[in-house]
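The values are calculated or read from the model by the stated rules, or taken from the named source; none is laboratory data. A quick note: this is a predicted structure, and the numbers were derived from the prediction, not measured. With ideal geometry, Cβ positions are generated from the backbone for all residues, glycine too; neighbour counts draw on all protein chains shown. Quick note on the areas: whole protein, heavy atoms, side chains included, nothing else; ligands and nucleic acids left out. Shrake-Rupley method; radii C 1.70, N 1.55, O 1.52, S 1.80 Å.
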Amino acid sequence: MAEELIIASTADKAERYATLVPQIESLVTGEPDLVANLSNIAAALRQTLNFFWVGFYLVKNDQLVLGPFQGPIACTRINFGKGVCGTSWKEKKTILVPDVEAFPGHIACSSASKSEIVLPAFKNGEVALVLDVDSDVLNDFDDTDQRELEKVMRIIETLL
Ligand code: SME
């Protein structure tokens, strides 16, 4: 595993992701512990993309439960179909929210959060966890974030 991330010294988001995604793959290679891997992935994403909050919620029984994250403290449990995370779980798809105030039922863990993207990872066709990324800037996520973070989810699925 790499001991230090190589972060592209460019403001170009696509280039930062292009440098990061292969490093995430090598970061998790050979490490079987899911919590260790999710912890490093959350840190790598925050370090590279400067996200306000980035972390995982894991499906445990009938709820999403907070997992490894980077950023301010957050809600610990989210019900099926609730908030952006619970909706991603229920609808089994990525949800991109340009303005959290405009998303019915959005769960405000922090009043500083303005836009958000949530992506599911699947095990045997069911959602096993979601990645939640929050920004303190409106409309901060786009197709590049969705495409690149979905690559990260596919890497995570190899660990599940
Ligand atoms: N806003 C999320 C809750 C999790 S926090 O943002 C970390 C939601 O609506 O599901």
Given a 1.4 Å probe, how much area per residue of the range 1-120 is accessible, in Å²? 51
With contacts defined as alpha carbon pairs under 8 Å and 6 or more residues apart, what's the relative contact order of the chain in percent? 19
Would you rank Cys109, Cys85, Cys75 by solvent-accessible area, highest first, keeping every protein chain in place and using a 1.4 Å probe? Cys109, Cys75, Cys85
Could you name the lysines whose alpha carbon sits less than 28 Å from that of Lys60, not counting residues in the same chain fewer than 8 places away? Lys82, Lys90, Lys92, Lys93, Lys114, Lys123, Lys151
Counting only the backbone N, which residues of the range 110-134 are under 17 Å from the spot 7 Å out from the Cα of Met153 toward its beta-carbon? 116-134
With 0.36 nm assigned to each residue of separation and the Cα-Cα distance removed, Asn124 to Lys60 gains 21.5 nm
Alpha-carbon Debye profile of the range 13-157, log10 I(q)/I(0) at 0.16, 0.17 Å⁻¹: -0.79, -0.90
Expressed as a percent, the accessible surface of the range 13-157 that is carbon or sulfur, using a 1.4 Å probe and the full set of protein chains, is 49
How large is the accessible surface of Phe51 in square angstrom, using a 1.4 angstrom probe and rounding to the nearest 10? 20
Can you divide the C-alpha Rg of the range 1-83 by 2.2 N^0.38 Å and report the result to two decimal places? 1.21
